[in-house]
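Read-outs throughout are calculated quantities, based only on the coordinates presented, and are distinct from any laboratory measurement. Small disclaimer: the values here were computed from a predicted structure and weren't measured. Counting neighbours? That spans all protein chains shown, and the Cβs are built from the backbone with ideal geometry, glycine included.
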Amino acid sequence: MKSIKAIQKTLLLFFFISTALVANNKVGFTTFDVYSKHRNYDIKTMVFYPSLDKEEFVLGKHKLFVSQSLALDGALKKGKYPLIFLSHGGLRSASNQIDWLAKVLAQKGFIVLLTRSKLDKKTAFYEPWFRANDMFISFEKLKETEKFKDSIDYENINSVGFLLGATSLALFSSAKLNIESYKNQCLNTQSLDCTWYKENGINLKSFDMNFIENIEVSLPSKKVVLFDMEYSKMFDKNSLKYAMSNFLFVNLSDQKVLDNSHFKDGFLYKNIKNANVFSSFSLCTKKGEIILKGTNEKPNLCSQKSIEKRDFHDIIMTEILSYLIIEKEVL
């Protein structure tokens, strides 16, 4: 009898062959604003979806990252589609860093919801909770939208997150951050954003933790894929014992950030060799490396050759699709 892994690979290969015929599906793109009472301003929600219309709109026209062509407000291709909450990384990261992934997922037959917000120094501390709430309130509005409400497969909703976005998605389960560790993150070790906190005079110990108690972070996800989850060592270990039963954790770097013993049997962990935390970012333009010179950003943001980063993009897509589409119970 074939092993489960062999059968899974066969099924995944069949899936890619069957979707190859529609790999050139056009992708529609629309946006709407929704008010966040916690942020006290409107956040922008972006929706990527299967369409038949021409991709004549260029999203962003970025100088650093390759921009994506989409069908602005294009017609939604008739059908029922699974939905993915896509949560981008980093406190200061822009959602355009994973626009490529949103588009490819939509080409594969998903509706993808991605949110964008402004970074506010007064509330930056609460961003892990805000990000999940942004998804929640955006989904509530999407369900009321005439264009999408009857085209969502409500039994097949999943989530994919990167870095801080992964942390935020973890919080919608019963997982909880150890607040003291979170407040003291810049004392003994330097998180990715500690330099930014210092430059902007932000004292993490000054924030009111009672504020997060009223932030709704519930999302109806069946499965979740998290890449390089930030603050992973700051989670309350007791809360992890009862959380994340249908989660896949993926590392794009050599440093393993989680200990399997903290989790239930449903916890899965993978490492993508030779990748780094920037491997999931959009491809850089030819001028990308030149633009980075003279800035404080890390040069390896664009240092990988485009073909290499494309290879990592393919691997990332394979990990996501194999977990979301192929059930672990396959025999």
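In region 48-140, what % of DSSP beta bridges are antiparallel (nearest 5)? Can you show the working numbers first?
On the way: 5 of 9 bridges.
Bridges in region 48-140 that DSSP calls antiparallel: roughly 55 percent.
Just the number: Rg to Rh for region 83-197, Cα atoms, Kirkwood Rh, two decimals.
Working: Rg = 15.5 Å, Rh = 15.4 Å.
So for region 83-197, dividing Rg by the Kirkwood Rh gives 1.01.
How would you order 54-62, 112-120 from highest to lowest mean count of nearby Cβ atoms within 10 Å?
Listed from highest to lowest mean packing, they are 112-120, 54-62.
Treating only the Cβ atoms of Lys and Arg (+1) and Asp and Glu (-1) as charged, compute the dipole magnitude of region 98-156 about its Cα centre; round to the nearest 20 debye.
320 debye
Determine the percent antiparallel among the DSSP beta bridges restricted to region 122-252, to the nearest 5.
Antiparallel bridges: around 10 percent, rounded to the nearest 5.
By the scheme Lys and Arg +1, Asp and Glu -1, what is the net charge of all other residues having a beta-carbon under 14 Å from that of THR167?
Charge balance in the 14 Å sphere: -3.
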